[in-house]
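Have a look at the structure below, then the notes.
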Amino acid sequence: MPDWRALVASKAAGALRLQAQGKPGLDAATETEVIDEFVQHLEDCYRDALARGATETEATQTTLAEIDAFDAFAADVTRFRQPLRAVPRPPEPSAGWLAPIAADARFAWRRLWHAPGFTLAALATLVLAIGANTAVLSVADAVLFRPLPYAKPDRVFALQMENRATGQRSTLIRYAFVAAIDAMHPKTSELGLIEDGPHIVVASADGPEIVPTVAVSASYLSTLGIQPVRGRVLDARDSGSGGQPAMLSFSAWRERFDADESIIGRAITIGDSTFDLVGILPPAMFFPTLDFLVPGQPAVMTLLPPVSADARGGTFRPVVRLAPGATREQAQAAIDAAVAPVAVRLPDMAESHVVLENIRDLLYPVGRPILRYLLVAAALILVIGCANLANMMFVRARRASQQTAVRLALGASRARLIRPMLFEGLFLGLAGAGLALLVTWLSFDALLRQIPRIAYGSAPVGVDARVVMWSLLLGLAAAVAFSVVPAWRAARVDVLALLQHRGTRGGRMRFGRPLVAVQVSLAIVVVFGAAVAARAFVSVLRLPLGFSTERVIRVRVVPPRETVDRQAFYERLVDAIAERPDVVSAAAAGAMPFSGQADELAHVAASAAPVASIVYALPGYFETMGVPTLRGRAFASSDLGADPDAAVVSASAARAMFAGRDPLGATFDNGRGRTFHVVGVVGDVRKGLDRADERQLPAVYVMPGASTRQLAVVARTRDRSEATLAGIKADVHALVPATRVTAEWLDDVVAEQTAYRNPRLQTVVLGGFAALGLVLTAVGIFSVVAYLVAARVREMGVRVAMGATPRSLVGLIVRQALVPVAVGVAVGLVWVRWASQLAEAQLFDVDTHDPRMVAAAVIAVVVAAVIAAYLPARRATRVDPITVLRAE
Amino acid sequence: MSVHPGTRELKKGSAELLILSIVEARARHGYDIARAIDERSEGALHFHAASLYPLLYRLERRGWIVGRWTEKAGERRRRLYKLTPAGRKALAAQRSGWQAFVRAINRVAGVEHA
């Protein structure tokens, strides 16, 4: 169509605005309107003429006739045309920099709205890819990143006792060490102690209720930098004052005292205890070293009584705050110097020293590496997803390239071409992140049940503002990642070639293939990670434990304070439980397998260092736990009175202690003057699932004696029935009223204690991720190959015409599609080396260098790739050469 | 092209009546009006753009029609002309005047009704 506007504009130049010659004229706005209307008329006229069958030349002549008398028209128009009343006009492009951007955003929105297939596919990809990250983040953020609720939390550390010989660490530290460290101020500015306080028993309608309490040193709260929500914190003023100064937890204040402000500074009574309330702890109070000390949050915090410097016992779980400017290394060196003389004085502590421990490492000993591992996997999924989206965007842009060329030819700036695609990416990214958050939020409880509690402890997990922010940021980052390059590439079209319908050369898809290579390489890493986890899981399942937890109930009960003979107390409980018809056998023991603890350490004359860990056990323990007796005999009931110093050793302890000698009849001692003689050898019991657990000392078993620590009662039942559990609990309650009794299936206890070393979680999550990675990669390859086939229809037509068979066509396309796959495999193998280092750091007790696992990952990805390429390649065989060539 | 000898003067005098009649039923844009006149007169009457728009503007200035830019989704904006109440009265007056004129001419020229 001729440019009628240019023609009218040239004719109208000056003719409509005649002010210069003193005649009435039109203002600029009215002139524009008149010309607009006139040009429309001419365009309509031209189009109508063509529609009636005129040639272009005839149509042009017809239309030109309409403006023959333009000068007369101009004169008339200036006489009659009124300045217009205000008419709503679309926003002027010159109205500011925002207007065109808003227009592009609307354009992007409309494009998405009118392509629901693309939009839904993109959203589904994003929800899966971002959702994987949101789900992991909702747990990982609290465990890995969120600052702990203390003042300058990175300056606060826990102190741990480390046994150099066994590598075991414990937060229980003798007061002599604590006092030595506390005395050397400048390097650690403050040191706080915490202990579990006496349980308060409150009678209620549902039976006795236990109110947990903790006791802290006067400096504990200031060491952490805790601010009270009401009143003040416990501090040095309170020590030595009469009465029992205390703080209440926020929840206890609300639930027991209805958040009554007036009680602060007054005496309060809980059960039979009276406290002088000085303040209320913050709701997010988070005890760094108390996680497994007290079930649930302690309700009352009191002051520790002063400890005498020569106190022998004491287990104080200290926290320290580094002095301003001091590094962790300096502080550790100062602590080493301070405790060395103390360790010399305490013979049983010769192998021990005190180390600073990162609080997060202490709280989440294995949650952190697991979650880091899962975060990396989730991030890889996001990259794979983004590669798919970039491909989809790019293909879409190529389909619209004619339109793009026209817009460019008409003078659209490249910015206006790129911006709508960026907006599309932005809308998709934010909507995807929003949906992913919604899905995670709705399914969070179900997700959390899959994760062993020990991985996150009492961390405040969940979808909160930080997770929302992170996810939206991920959505934005993803949007940029998958839309910028395609947008930029799309704007670089060859305008001339497109306008002349030449198309682009051969659909080579220089963009899609590198993306396929990236996807393939990452998919290999994810699948490999899942294979490593699965293998670790299988090896854990195959691991012989040396004992059986099946149908075993563990009962824990604290002997009443006035109990004189604690061993006899447990004997009575065991007898009572063993009498039940639904119980096969019962016994009691101290340090249970998988607890990582020892009741005492065993010494033999030849060596000063302990050679075995002593486990307290009552007769019947080996039968109940299913530990086989290999030589000699197990404990008998008669031993309790007749032979209290009889001992049973495990096979590995027998080898370690009495190398070469007959263990039966051999002796060892506990380093405190009690000597035992061996009466039997039993099978080894696994101490944990880690290689590191094997460094623990082998076990020997002795009967504890009257002053035993708390024991666990174990009972093997005839079948796993909850009635038995409840019945046993009731029996114990009847024997020991007003005490807390817990009864659990040992299966569950071990599962909970070992779940974090048990890669079931990683296997399930990574398996899901691997499936997701494979599917996304396959979809990516599918869409690239489908596009290539569509773009090469002419070529395929020619090939068919020249006698190519369908088989050879499919083979050609699949082979070509596998070139980027091969590149991806090569790159993926490099990634795998890096991934295996990461995996080995994650407690998996597996050999990651097994070539079979790498091969499995590669084969899985390549098979998925071949299928994904084969399906669209088959379409090439349906090309009808006649149709294709006729169109040429 | 379509200057039909003998109709030029008639057309000029009756142009206002034609336009008002065309927009009586509904609002129309300029090209639409020109085409409607073309079609209803079966090609006998044709307005060039250069003469149509001054007429439209003149009628608008008199307040008989009113032009308004309107926009429909997916189309460019168009200036639609609509009959005003004043225009409706003027149309009625011109119609009866024109019929009286035609009857008078017929009587003088002796043209019989078909």
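Annotations
- Sites B:Arg68 and B:Ile105 - FRET efficiency at Förster radius 25 Å, r taken between beta-carbons, to 0.05: 0.10
- Rg/Rg_ref, segment B:8-108, where Rg_ref = 2.2 N^0.38 Å and atoms are Cα: 1.13
- Compared with the direct C-alpha span, the chain from A:Ala659 to A:Val485 gains 55.6 nm at full extension, assuming 0.36 nm per residue.
- Placing a label point 7 Å from the Cα of A:Leu476 along the Cα-to-Cβ line, the residues of segment A:406-443 whose backbone N sits under 15 Å from it are A:423, A:425-434.
- Model label points for A:Asp565 and A:Ala605, set 7 angstrom from Cα along the Cα-to-Cβ axis, are 3.2 nm apart.
- This ranking places B:Arg88, A:Arg407 by how few other beta-carbon atoms lie within 10 Å of each, fewest first, which gives B:Arg88, A:Arg407.
- Residues A:Ala121 and A:Arg328, FRET efficiency given R0 of 45 Å [Cβ-Cβ distance, rounded to 0.05]: 0.35
- Added length on full extension, which subtracts the Cα-Cα distance from 0.36 nm per residue, A:Trp113 to A:Ala400: 101.8 nm
- Rounded to 10°, Cα long-axis angle of helix B:85-109 versus longest principal axis of chain B: 20
- Sorting the segments A:519-529, A:464-474, A:635-645 by their residues' average number of neighbouring beta-carbon atoms within 10 angstrom, most packed first, yields A:519-529, A:464-474, A:635-645.
- One chain, two ends: A:Ala183 and A:Leu64. Fully extended at 0.36 nm per residue, the span grows by 32.4 nm beyond their Cα-Cα distance.
- Here segment A:765-802 and segment A:33-56 have alpha carbon centers that stand 47 Å from each other.
- Applying a DSSP loop filter and a limit of 13 other Cβ atoms within 10 Å to the GluC sites (Glu not before Pro) in segment B:19-74 leaves B:Glu42, B:Glu71.
- Partner chain coverage, peptide B:43-55 - average Cβ within 10 angstrom: 6
- Under 17 Å from a label point set 7 Å out along the Cα-to-Cβ vector of A:Asp880, the amide N atoms of segment A:771-793 belong to A:793.
- Taking label positions 7 Å along the Cα-Cβ direction at both A:Asp575 and A:Ala666, the computed distance is 3.5 nm, reported to one decimal.
- Taking every residue in B:61-74 and counting other chain Cβ atoms within 10 Å of its Cβ, the average works out to 2.
- Under the simplified labelling scheme, the A:Arg266-A:Asp48 pair shows an inter-label distance of 9.5 nm, with each label point 7 Å from Cα along Cα→Cβ.
- A:Glu744/A:Phe145 FRET efficiency (R0 35 Å; Cβ-Cβ; nearest 0.05): 0.60
- The mean number of Cβ atoms from other chains found within 10 Å of a Cβ in peptide A:677-687 is 0, as a whole number.
- Each of A:Leu221, A:Leu735, A:Leu545 has some number of other Cβ atoms within 10 Å of its Cβ, and from fewest to most they run A:Leu735, A:Leu545, A:Leu221.
Every number in this text was worked out from the coordinates using simple rules, so none of it is lab data. Because the structure is predicted, anything quoted here is derived from the model rather than measured. For neighbour counting, all protein chains shown are included, and Cβ atoms are generated from backbone atoms with ideal geometry for every residue, glycine included.
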